[in-house]
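What follows is a single structure, written as structure tokens, with notes after it.
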Amino acid sequence: MLDQIPALLGVVVGVGASYLATSLGDRRRAHREQAAKLDHTRQEAYAAYGRAVKDYVVLSARIVASRGVGNGREQPLDPAIGLPQLAELEATRTAVWEMVLLLGDTETIAAAREWHRCAWYLEWFARGEVAGDQEWDQARAEASAARDRFYACARRSLHVLDPLPEPLPAPAWMLPRSEPL
């Protein structure tokens, strides 16, 4: 019987080692799956937030265009129609903002805040609280730069290694004309 103890110990050690290896593997796999789900949910939150703010900015620009301000590329929209839509878009932005706050990293949240502050300033133009072509152009440029910072931060947060490409210059047909056609 004493000669079977080493074999019995070997079986016990083997079972224990097998259990530990399996449980560690399962734990690692579960952690990877959870991280993948979180990254996917974070990606959806960032994309929804980006769409919401972009729609808000575009609608603000359309309302501002109805006041004769801007580069003339936006389709003008009567403020009586556009301002209620702007309020709806703000509600949408606020809802997806909560997801960004919950899932985003500190750097991306800060960039998102900067972008929506710029968007709010554009809304002031849409509401007629602020006016002026130069001021509008400056505010649009700041909003565009804030958008680029948000996407750069979001991409880093999602482990997208390639940086955003530099924007292309506007083609001649998109530049404002001094003379009507």
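Counting every other Cβ atom within 10 Å of each residue's Cβ, Lys54, Lys37 order from fewest to most as Lys37, Lys54.
With springs only between Cα atoms under 10 Å, which of Leu122, Leu24, Leu102 fluctuates most in a Gaussian network model of the chain? Maximum fluctuation in the GNM of the chain, among the listed residues, is at Leu24.
Projecting the Cα atoms of Leu83, Ala143, Tyr121 onto the charge dipole of the stretch 57-161 (Cβ charges, centred on the Cα centre) puts Ala143 farthest toward the positive pole. Label-to-label distance for Leu168 and Leu38 is 3.9 nm, based on points extended 7 Å past Cα in the beta-carbon direction.
Around Gly50, what is the net charge, scoring Lys/Arg as +1 and Asp/Glu as -1 over all other residues with Cβ under 13 Å from its Cβ?
Values: positive: Arg42, Arg51, Lys54, Arg93, Arg147, Arg149, Arg155; negative: Glu44, Asp55, Asp148.
Around Gly50, the charge tally is +4.
3J(HN,Hα) along the stretch 77-82, derived from phi through the Karplus expression 6.51 cos²θ - 1.76 cosθ + 1.60 where θ = phi - 60°, amounts to 9, 4, x, 4, 8, x Hz, with x in place of Gly and Pro.
Here the spin labels are modelled as points 7 Å beyond Cα on the Cα-Cβ line, and at Trp124 and Ala141 they lie 1.8 nm apart. Of Leu164, Leu83, Leu20, the residue with the greatest mean-square motion in the GNM of the chain, using alpha carbon springs below 10 Å, is Leu20.
Subtracting the Cα-Cα distance of Ala131 and Ala47 from their residue separation scaled by 0.36 nm leaves 27.2 nm. Over the chain, the ratio between the Cα radius of gyration and 2.2 N^0.38 Å evaluates to 1.70.
May I ask you to order 125-136, 106-117, 55-66 by the average number of other C-beta atoms within 10 Å around their residues, highest value first? Let's see the in-between values first.
Numbers: 125-136: 14.9, 106-117: 18.7, 55-66: 22.4.
Going by the mean number of other Cβ atoms within 10 Å, highest first, we get 55-66, 106-117, 125-136.
Here the gap between Leu20 and His159, fully extended at 0.36 nm per residue and compared with their Cα-Cα distance, gives a gain of 46.9 nm.
Throughout, read-outs are computed from the coordinates displayed, never taken from laboratory work. As the structure is a computational prediction, the values presented were derived from the model and not from experiment. Virtual Cβ from ideal backbone geometry, glycine too; neighbours counted across all protein chains shown.
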